[in-house]
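As C-alpha cells, the structure follows; a few thoughts come after it.
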Amino acid sequence: MKVIKANASELKASVFATAEEVIHSLLEMGWLKTIPLESVGQDAPVMYFLEMEAREGGMIDPLEVLQGYFPEGVLCYFGVLSYLELTTQTPPFFHMASMYKSPLPQEWKETTIHRAERESHDRNPLGQEIFHFEGAVCYKTRRNAALVPGIHLRNFGPRAYLRMTTLEQALLDTLIYPMQCGGQSVVFEAWERGIELWNPDRMADYLLGINRHSFDRRVGAMLEVLGSHNGSSKLTDRLEGVRRKLDSSSCDICLLNGMSYPLLNESWKVRIP
C-alpha cells in the first residue's frame with residue numbers, strides 16, 4: 001500500500017493484487033505460515049510467519065511474536081529476565097507494554113495505587129491477556145514512560161530487532177512489579193545474577209531520572225541484603241544522599257512492592273525477608 005500511494009500517478013489499480021490474494025499465494029507457496037495463537041475469550045489475532053530465506057530459523061520465540069503483534073511496544077518483566085539470562089526459570093507468561101507520557105505526582109502513593117488494583121475485581125493484575133502461544137500467556141499492559149527510562153533495541157537473530165527494557169531497568173522492575181516478574185524467588189535470582197553484569201552508573205542515572213526515593217531505598221536495601229558493594233561512586237553517592245534524608249517520620253516500605261516482610265532494615269526503612 002505504501003508503494004501504491006507513493007506512485008499513484010504511475011500505477012493502475014489493477015497492477016497489484018489485494019493483500020488477501022498475496023497472503024493466499026504465499027501460503028500456497030509455503031513461504032507464509034500461520035502462527036498458532038490461541039484465543040482468550042475472543043478471537044485471537046491472525047499472524048503469519050514469512051520464512052523465505054530465513055527458512056532454517058523456523059522456531060519462533062514468544063518475544064518475537066509479541067514484538068510483531070505490537071511493533072511500537074516494549075517487552076518487559078519475566079520474559080526479559082529470561083532473555084537476559086537473569087533467571088533459570090522458564091517464563092509461563094510474557095509482557096508487552098504500551099508506553100504513555102504523563103507526569104507523575106511529586107509524591108507517588110504506591111499503597112494507594114495497589115489498593116485500587118486489589119479492589120478492582122475485574123482486572124487481571126498481570127495485565128490484559130491477548131493470546132496464548134506455545135502454552136505461555138501473552139499480556140499487554142500500560143506503563144508510564146517516566147518510570148521506564150531504560151529501553152533499547154536488541155538484535156534478535158536474522159529476522160528482527162526486539163525493543164525491550166535494559167538489564168538495569170529489568171532489575172528495577174522486579175522491585176516494583178515482582179508479581180509480573182515471576183515472584184520472590186525469580187527476583188532474588190535476577191539480582192544475584194544481575195549485579196555481576198550490570199552497569200551501576202546506568203542504574204544511578206535511571207534512579208536520578210525517575211526521582212522516586214522509594215526506588216532508591218529498595219535498591220539500597222537489596223544491595224545490603226545481598227551483601228554487595230556496587231563499585232560505583234555515582235550510585236553510592238545517589239543512594240547515600242537518599243538515605244541521609246530519612247528520619248524517624250519516614251514511612252516503612254517493603255523490599256518488593258506489594259509484599260509483606262517481618263524484618264526492618266533501619267537504615268533504609270525497608271522491610272526485608
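Within region 155-168, is even one residue under 19 Å from K101 (Cβ atoms), touching a residue at least 40 places away in the same chain (Cβ under 8 Å) and touching a Ser or Thr at 6+ places or on another chain (Cβ under 9 Å)? No, region 155-168 contains no residue that is under 19 Å from K101 (Cβ atoms), touching a residue at least 40 places away in the same chain (Cβ under 8 Å) and touching a Ser or Thr at 6+ places or on another chain (Cβ under 9 Å). The residues on offer are E224, E168, E189, and the sole one that is among the acidic types (D, E) and touching a Gly at 6+ places or on another chain (Cβ under 6 Å) is E168.
Screening region 263-273 for residues that are within 29 Å of the chain's Cα centre (by Cα) and assigned to a loop (DSSP other than H, G, I, E, B) and picking the one that is surrounded by the fewest Cβ atoms within 10 Å (Cβ to Cβ) gives P273. Say we look at region 232-255 and pick out the residues that are part of a loop (DSSP other than H, G, I, E, B) and out of contact with any helix residue (DSSP H, G or I) (no Cβ under 6 Å at 6 or more places or on another chain); which of these is surrounded by the most Cβ atoms within 10 Å (Cβ to Cβ)? In this case the residue turns out to be L246. When region 235-273 is filtered for residues that are at positive phi and either touching a His at 6+ places or on another chain (Cβ under 8 Å) or not basic (K, R) (or both), only G258 remains. Checked against (1) outside the structural domain of G68 (by TED's automatic domain parsing); (2) surrounded by 21 or more Cβ atoms within 10 Å (Cβ to Cβ); (3) on the phi > 0 side of the Ramachandran plot, G182 passes all but condition (1).
Candidates G127, G73: the one that is at pLDDT below 95 and in contact with a Ser or Thr (Cβ under 6 Å, 6 or more places away or on another chain) is G127.
Could you say whether any residue in region 219-229 is in a helix (DSSP H, G or I) and either in the same structural domain as Q89 (by TED's automatic domain parsing) or touching a residue at least 60 places away in the same chain (Cβ under 8 Å) (or both)? The answer is no, given that none of the residues of region 219-229 is in a helix (DSSP H, G or I) and either in the same structural domain as Q89 (by TED's automatic domain parsing) or touching a residue at least 60 places away in the same chain (Cβ under 8 Å) (or both). The residue list R212, R202 contains one member that is at negative phi, surrounded by fewer than 23 Cβ atoms within 10 Å (Cβ to Cβ) and in contact (Cβ under 8 Å) with a residue 60 or more places away in the chain, which is R212. One residue is enough: does region 33-40 have a residue meeting the conditions outside the structural domain of S185 (by TED's automatic domain parsing), polar (S, T, N, Q), in a loop (DSSP other than H, G, I, E, B) and modelled with pLDDT under 80? Checking region 33-40: not a single residue is outside the structural domain of S185 (by TED's automatic domain parsing), polar (S, T, N, Q), in a loop (DSSP other than H, G, I, E, B) and modelled with pLDDT under 80.
The values are calculated or read from the model by the stated rules, or taken from the named source; none is laboratory data. Just so we're clear, the structure is a prediction, and the values are computed from it rather than from any experiment. Virtual Cβ from ideal backbone geometry, glycine too; neighbours counted across all protein chains shown.
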